[in-house]
1. Which residue fluctuates most in the GNM of chain B (Cα springs below 10 Å): B:118, B:77, B:58?
2. Could you give the radius of gyration (one decimal) and Dmax (whole number) of the Cα atoms in region B:22-68, in Å?
3. Taking 8 Å as the Cα distance limit and 6 or more residues as the minimum spacing, I'd like the relative contact order of chain B as a percentage.
4. Can you tell me the FRET efficiency between residue A:49 and residue A:131 if r is taken as the Cβ-Cβ distance and R0 is 41 Å, rounded to the nearest 0.05?
5. If you line up the long axis of helix B:45-58 against the longest principal axis of chain B, both from Cα atoms, how many degrees apart are they, to the nearest 10?
6. Note the direction-averaged projected area, equal to a quarter of the hull surface, for the Cα convex hull of the protein assembly as shown, in nm².
7. Within 10 Å of each residue's Cβ, count the other Cβ atoms and sort A:115, B:16 from fewest upward.
8. Report the calculated FRET efficiency for residue B:107 and residue A:115 (r = Cβ-Cβ distance, R0 = 22 Å), to the nearest 0.05.
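The numbers here are math on the coordinates, done by the rules we state, and not lab data. Computed from a prediction, not measured in an experiment: that's the story for all the values here. Every residue, glycine as well, gets a Cβ built from its backbone with ideal geometry; the counts of neighbours run over all protein chains shown.
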Number of protein chains: 2
Amino acid sequence: MEDILKKNGLSITESRKKILDLFTQSEGALAHADIENHTTAGFDRVTVYRTLQTFVEKGIIHQIPTIDNSVLYALCKQACGGGHHHDDHVHFICAQCGQTICLDDVLVPEVKLPRGFKPAQSSMTVTGTCKNCRD
Amino acid sequence: MEDILKKNGLSITESRKKILDLFTQSEGALAHADIENHTTAGFDRVTVYRTLQTFVEKGIIHQIPTIDNSVLYALCKQACGGGHHHDDHVHFICAQCGQTICLDDVLVPEVKLPRGFKPAQSSMTVTGTCKNCRD
DNA sequence: ACAATTTTTGCAATAATGTTGCAAAAATTA
DNA sequence: TAATTTTTGCAACATTATTGCAAAAATTGT
């Protein structure tokens, strides 16, 4: 766990270790509020903001846009370099349980854009019912 | 312009007409702040919130999720019924000018999900350089 | 292991963003 | 045009995010 921090040139601190733990322990993506309100956590709001920001910059976690004006964060499975995310997989949001899951094996397909548009990065989100919520 | 409101069973008011105007006049998508800060507008923050919400419910505009924790709004080209958006096109965000454009002709492709996942709706966003920002 | 340096944290203050209740104003209905 | 319904704007409040700065913790060099 600490090696992830070390590898990215970050100081090893309690908050960073705990927040990183939360991510590895949770199956889905986490919102800022999930971390802040976590009972066992107990660090300042500001620290959470700054830690998440640092992690994104270092490529440890990536952001997932959602329609409801909240940003989710999830661990980058592949090694993402500083600022350069290989965030090329599809995200799945379950309408039932609300969990957001990285489908690391499902890549975002390419699309043909109209003349003049030059693509750099794509992201795709699918909503529906997840594995666990189906009987 | 007013017929759009009438068609959706909404009272014809100054704010609704003006906000609808803004959307038709702007090529790209608009953020809440874009509307609120618009010089010629001049209505209350709350009115903007409520108007946008009403328009989304009626299917006049649709929301576009962005990575930076802000929601953009854009006109629905096809007729979207109450709550049911045919929001199946790709959105393009220009890294240069920051504008978000609905590529109404580019449909979100289907992807094969892992066993157990049942899709309901998909959204896709491509970032890059838009038509106008290329020389 | 310890002192010096750098980084991180937490607090306070502030800003930005979003929500709710309610009375006045405007729009629709009849 | 009067009665009814809907919408607006204000005020108050709630939530979410940002910044400066001193104290605390972590790292570095010896």
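1. It is B:118.
2. Taking only Cα atoms of region B:22-68, I get Rg and Dmax of 10.9, 29 Å.
3. Details: 176 pairs, mean separation 25.4, N = 135.
Relative contact order here is 19 percent.
4. On the way: r = 32 Å, r/R0 = 0.78.
Once rounded, the FRET efficiency stands at 0.80.
5. For B:45-58 against chain B, the angle is about 60 degrees.
6. Numbers: hull surface 68.2 nm².
Reported value for the Cα convex hull: 17.1 nm².
7. Numbers: A:115 5, B:16 22.
Taking fewest neighbouring Cβ atoms as first place, the list is A:115, B:16.
8. Working: r = 17 Å, r/R0 = 0.78.
In this case the efficiency is close to 0.80.
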